[in-house]
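The values are calculated or read from the model by the stated rules, or taken from the named source; none is laboratory data. Just so it is clear, the structure is predicted and the values come from calculations on it, not from any experiment. Methodologically, a virtual Cβ is constructed for each residue, glycine included, from the backbone with ideal geometry; neighbour enumeration extends over all protein chains shown.
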Protein chains: 2
Amino acid sequence: MASTSTNGAAAGASTSTADMTSKDYYADSYAHFGIHEEMLKDEVRTRSYRNSIINNPHLFKDKIVLDVGCGTGILCMFAAKAGAKKVIGVDMSNIIDQAKIITEVNGFKDTITLVKGKLEEVDLGLGPNGKVDIIISEWMGYFLLYESMLDTVLMARDKYLAPGGMMFPDKATMYISAIEDQEYKDEKIGFWDDVYGFNYSCIKDIALREPLVDTVDIKSVVCDPCAIKQLDLLTVTKEELSFESDFTLNATRDDYVHAFLGWFDISFDACHKPVQFSTGPHSRYTHWKQTVFYTKDVLAVNQGDAITGRLVCKPNERNNRDLDITIDYQVQGATASSGHMEYKMS
Amino acid sequence: MASTSTNGAAAGASTSTADMTSKDYYADSYAHFGIHEEMLKDEVRTRSYRNSIINNPHLFKDKIVLDVGCGTGILCMFAAKAGAKKVIGVDMSNIIDQAKIITEVNGFKDTITLVKGKLEEVDLGLGPNGKVDIIISEWMGYFLLYESMLDTVLMARDKYLAPGGMMFPDKATMYISAIEDQEYKDEKIGFWDDVYGFNYSCIKDIALREPLVDTVDIKSVVCDPCAIKQLDLLTVTKEELSFESDFTLNATRDDYVHAFLGWFDISFDACHKPVQFSTGPHSRYTHWKQTVFYTKDVLAVNQGDAITGRLVCKPNERNNRDLDITIDYQVQGATASSGHMEYKMS
């Protein structure tokens with residue numbers, strides 16, 4: 001997940017990490033080491049960044065590199081090890097105080113400069129019209145765009161990236177499919193029908209609207225995946241992050257469908273040999289897991305049937321780090337049905 | 001865990017649950033159904049409350065009952081089913097909007113009154129000097145007192161409980177022991193010595209200070225438990241929640257000690273037949289798990305040795321829902337050693 005505060009007001013900014021209370025952590029959740037522990041221990045994530053940087057010294061040698069949302073400074077250190085002349089890391093969370101210690105202890109005091117604050121407001125020390133050669137960032141959120149800091153990365157690109165400069169990563173693709181998930185849907189949604197003998201169905205309606213971030217077994221997937229959005233980080237605009245996408249999901253067997261499933265793939269195409277990873281159900285575990293969108297009704301599909309539909313995804317109007325997602329769908333074939341679902345990732 | 005907002009400022013108060021964004025949930029985390037799902041599905045917790053209430057209609061019949069931090073209203077409905085004449089539930093979280101629907105759908109409109117707000121500020125409709133016969137509350141936090149709402153429960157008791165009235169639960173006991181935990185300590189603490197080849201030891205120091213809430217296998221426990229604090233909910237004062245306690249832990253085998261372990265037991269002694277549950281490592285899983293306090297050094301103990309020491313526990317000065325805990329210890333015997341650890345639950 002992206003390493004920046006989840007709250008525009010950096011309420012903990014005047015408090016050192018050691019003195020932070022739970023109230024400060026609510027305002028600056030990325031100050032807590034636990035979230036960085038989870039991200040660092042996500043080896044698919046961290047090794048992909050490491051390999052894309054460390055194995056490409058020809059790209060990094062003597063370059064100026066900007067790390068947007070640097071967290072504990074791990075990507076900055078990879079870039080420095082790959083030969084970068086200068087690495088600037090920016091983060092608005094108090095975790096950057098630890099990053100300063102870490103980068104210094106590891107001998108990067110002269111190469112890595114860390115700047116606390118919002119990228120929109122800080123001085124990167126590049127001088128007037130100063131540019132960087134490469135922007136690195138681990139900005140991805142659940143379902144790629146939830147709580148992501150892609151907006152900030154794009155702003156950094158437009159303001160600081162030199163012509164011909166590179167983005168790490170530079171490609172992202174979002175996918176959906178459909179899954180059989182009777183047992184877990186009963187546990188998560190059906191549960192509210194009878195809670196110790198009481199009817200809690202008003203919670204069921206709320207639970208259905210909230211996509212669930214969880215790991216899904218590939219055996220549960222009953223349709224071929226369909227790409228719904230491709231992002232070229234060198235060219236995509238903030239406006240393009242609100243999108244509508246038609247999809248067709250072809251059923252690979254006779255089964256029931258209880259939910260749509262979303263995930264994303266990431267690629268570092270600028271590398272000599274592209275580095276890629278997927279957060280899909282066919283791939284190794286990542287902390288992004290997958291995102292499950294339960295449907296109200298159970299769909300029946302036969303092998304060869306198509307589920308067609310349209311997914312609309314846009315930032316919530318009141319909080320642009322939340323996502324409003326709608327899915328309209330129709331099952332074609334002998335078991336024809338259709339539906340409309342509105343989801344909120346918040 | 002206790003069902004109240006974690007933040008004094010009820011930022012989400014003017015927003016309905018359906019419209020809440022992630023920012024609102026940061027200010028009112030108990031508004032999210034997920035936390036109530038976890039608590040309701042904790043069967044040790046919920047069944048203990050149910051049994052203590054439902055199986056004692058002789059105590060509840062025609063009584064006035066107050067539920068402090070009522071959440072989704074489950075305890076209110078238990079009390080109503082047990083024959084209470086009137087049940088008043090109070091919660092400052094938006095979840096109470098759902099509780100209103102739930103209690104009404106389940107036919108308790110005339111028996112259960114739900115009041116949104118801080119207990120210190122709301123009108124319970126009891127009239128001047130109005131009292132209640134029984135206070136029920138699920139106020140317990142991790143290590144009993146972290147983020148607990150016991151302060152509020154005691155305030156409610158002093159203000160509203162009739163002479164001779166009852167508290168559900170009415171007893172709580174905190175315990176510590178010591179555990180062998182080499183493998184997981186390496187993973188959680190040792191990890192920071194070498195993060196992809198970099199020295200992250202400044203995070204190690206922070207991680208050591210933070211107690212870890214997790215399940216511990218009874219096989220890891222190397223000492224007999226020692227009770228460090230007993231609370232009689234009918235009489236305990238807020239001041240007594242800051243405490244110092246000497247402990248003696250007798251080693252039951254030759255082993256190493258990597259951490260102290262804390263947990264608590266709860267009892268409903270007012271029942272015809274007392275209902276009790278434990279959150280200890282010898283008991284069935286609860287969402288409170290146990291609390292692990294890693295020591296900096298590894299201690300060696302021989303069977304029959306005693307680890308003596310003193311534990312000090314008090315609310316953090318800047319945020320009284322956080323806990324400051326210090327543990328001083330000495331290993332007596334052939335492998336004598338001693339240490340001083342300062343922890344922060346935040």
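Observations on the model:
- Residues (surrounded by 21 or more Cβ atoms within 10 Å (Cβ to Cβ), β-branched (Val, Ile, Thr) and farther than 27 Å from residue A:206 by Cα) located in region A:252-285: A:266, A:275
- Meets criteria (at pLDDT 95 or above, in a strand (DSSP E or B) and among the basic types (Lys, Arg)) for residue B:185: no
- Qualifying positions in region A:103-142 - hydrophobic (A, V, I, L, M, F, W, C) and part of a helix (DSSP H, G or I): A:105
- Per-region count, region B:144-199, residues out of contact with any helix residue (DSSP H, G or I) (no Cβ under 9 Å at 6 or more places or on another chain) and closer than 18 Å to residue B:227 by Cβ: 8
- Tallying residues that are within 11 Å of another protein chain (Cβ to nearest Cβ), without any contact (Cβ under 8 Å) to a residue 40 or more places away in the chain and among the hydrophobic types (A, V, I, L, M, F, W, C) within region A:24-36 yields 1.
- Residue in region A:221-234 that is within 14 Å of chain B (Cβ to nearest Cβ), at pLDDT 95 or above and more than 18 Å from the chain's Cα centre (by Cα) present: no
- Top-ranked residue in region B:212-240 [being aliphatic (A, V, I, L, M) and under 16 Å from residue B:323 (Cβ atoms); ranked as surrounded by the fewest Cβ atoms within 10 Å (Cβ to Cβ)]: B:213
- Residue check for residue B:136: away from every other protein chain (no Cβ under 14 Å), surrounded by 20 or more Cβ atoms within 10 Å (Cβ to Cβ), out of contact with any His (no Cβ under 7 Å at 6 or more places or on another chain) and under 30 Å from residue B:346 (Cα atoms): yes
- Residue check for residue A:144: under 30 Å from residue B:105 (Cα atoms), surrounded by 16 or more Cβ atoms within 10 Å (Cβ to Cβ) and not polar (S, T, N, Q): no
- Per-region count, region A:45-56, residues buried (at least 19 other Cβ atoms within 10 Å of the Cβ) and either more than 10 Å from chain B (Cβ to nearest Cβ) or modelled with pLDDT under 75 (or both): 5
- Residues located in region B:298-346, provided they are without any contact (Cβ under 8 Å) to a residue 24 or more places away in the chain and among the small types (Gly, Ala, Ser): B:336, B:338
Quick grid of which residues meet (1) of a type outside the set (Gly, Ala, Ser); (2) touching an Asp or Glu at 6+ places or on another chain (Cβ under 8 Å); (3) on the phi < 0 side of the Ramachandran plot; (4) not assigned by the TED database to the domain that holds residue B:48:
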| position | (1), (2), (3), (4) |
| --- | --- |
| B:105 | yes, no, yes, no |
| B:110 | yes, no, yes, no |
| B:154 | yes, no, yes, yes |
| B:162 | no, yes, yes, yes |
| B:165 | no, yes, yes, yes |
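- Qualifying residue in region B:95-102 (condition: within 14 Å of chain A (Cβ to nearest Cβ) and either in contact with a His (Cβ under 8 Å, 6 or more places away or on another chain) or not in a helix (DSSP H, G or I) (or both)): yes
- Residue within region A:37-44 that is more than 9 Å from chain B (Cβ to nearest Cβ) and closer than 16 Å to residue B:207 by Cβ present: yes
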